[in-house]
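Here's the structure, in structure tokens; my notes come after.
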Amino acid sequence: MATINLGFLASGRGSNMQAIIDACRDGRLNANPAVVISNNASSVALERARNADIPGYHLGLITHPDPDTLDFMIIEILQRYEVNLVILAGYMQKIRPKVLNTFKNRIINIHPSLLPKFGGRGMYGMKVHAAVLAAGEKETGATIHLVNNEYDGGLILAQCKAPVEQNDTPESLAARVINVEHRLYVETLQKIINGEIKLPAAR
């Protein structure tokens, strides 16, 4: 089986990225974590990359104020490491059309709710969990989807539910959901690699 190279885009802690790296290293996921790109020079994700001996790059509007140049650099690095799947792991920057077109139907994201509920512009991290609680939901979960030009609007590939407990706070709910995310991301990527989940044609 040909090696699948994973390229990560992350802005913060990169805990989902770490879960995937761990799964690659212990044989649960048949893939190679090839490169990490972060738009945050001080992100924990870049520190995790260094600790795992994975090439890491700081690329963002601070390093490349022109968005077209930034897109070119992101594409160049992903292609340099022969990335097959681009994995978003808490990446707080919208993917622009040039990157979307270059890696069409090969960019994957995870969202901390059962989309289409609690998705869209401005819905990320603790804001999602606070909205779930404010709406009185009895369950939440995580969704893995392809990335397109609409926030959280791409094709849903997998979902997993998690209960909402009576005394939950956004923080306690986030802790429960992140455990679901870690498991679901690894399982879904392996199903893609095995062919159990078919991605649409790249072109």
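The values are calculated or read from the model by the stated rules, or taken from the named source; none is laboratory data. Note that the coordinates shown come from a computational prediction; the quantities given were computed from them, not determined experimentally. When we count neighbours, we look across all protein chains shown, and the Cβ atoms used for this are built from the backbone with ideal geometry, even at glycine.
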Exercise for the section: Just one of (1) surrounded by fewer than 18 Cβ atoms within 10 Å (Cβ to Cβ); (2) within 22 Å of Asn32 (Cβ to Cβ) trips up Gln159, so point out which. Expected result: (2)
Handout entry: Matching residues, region 42-63, being at pLDDT below 95 and either surrounded by 19 or more Cβ atoms within 10 Å (Cβ to Cβ) or not polar (S, T, N, Q) (or both)
Key = Gly60, Leu61, Ile62
Problem - Residues within region 166-184 that are hydrophobic (A, V, I, L, M, F, W, C) and under 17 Å from Ile144 (Cβ atoms), tallied - result: 4
Practice task
Restrict the check to region 124-141 and report whether at least one residue is in contact with a Pro (Cβ under 8 Å, 6 or more places away or on another chain), without any contact (Cβ under 8 Å) to a residue 60 or more places away in the chain, under 20 Å from Arg106 (Cβ atoms) and not aromatic (Phe, Trp, Tyr).
Solution key: no
Problem - Qualifying residues in region 1-38 (those that are assigned to a loop (DSSP other than H, G, I, E, B) and of a type in the set (Val, Ile, Thr)) - the one surrounded by the fewest Cβ atoms within 10 Å (Cβ to Cβ) - result: Thr3
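Answer yes or no: is there a residue in region 165-183 that is of a type in the set (A, V, I, L, M, F, W, C), assigned to a helix (DSSP H, G or I), modelled with pLDDT of 95 or more and exposed (fewer than 13 other Cβ atoms within 10 Å of the Cβ). Explain how you work it out, then say what you get.
Just the residues of region 165-183 that are of a type in the set (A, V, I, L, M, F, W, C), to begin with: 173-175, 177-178, 180.
In the following step, the residues that additionally are assigned to a helix (DSSP H, G or I) were identified as 173-175, 177-178, 180.
The next check asks that each one be modelled with pLDDT of 95 or more; those that pass are 173-175, 177-178, 180.
Filter again for exposed (fewer than 13 other Cβ atoms within 10 Å of the Cβ), leaving 175.
Scanning region 165-183, I find at least one residue that is of a type in the set (A, V, I, L, M, F, W, C), assigned to a helix (DSSP H, G or I), modelled with pLDDT of 95 or more and exposed (fewer than 13 other Cβ atoms within 10 Å of the Cβ), so the answer is yes.
Look through region 132-162, keep the residues that are part of a strand (DSSP E or B) and of a type in the set (D, E, K, R), and return whichever of them is nearest to the chain's Cα centre (by Cα).
Among those that are part of a strand (DSSP E or B) and of a type in the set (D, E, K, R), it is Lys161.
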Practice task
Please work out which residue is farthest from Arg48 (Cα to Cα), limiting yourself to region 16-32 and to residues that are in contact with a strand residue (DSSP E or B) (Cβ under 8 Å, 6 or more places away or on another chain) and among the polar types (S, T, N, Q).
Solution key: Asn32
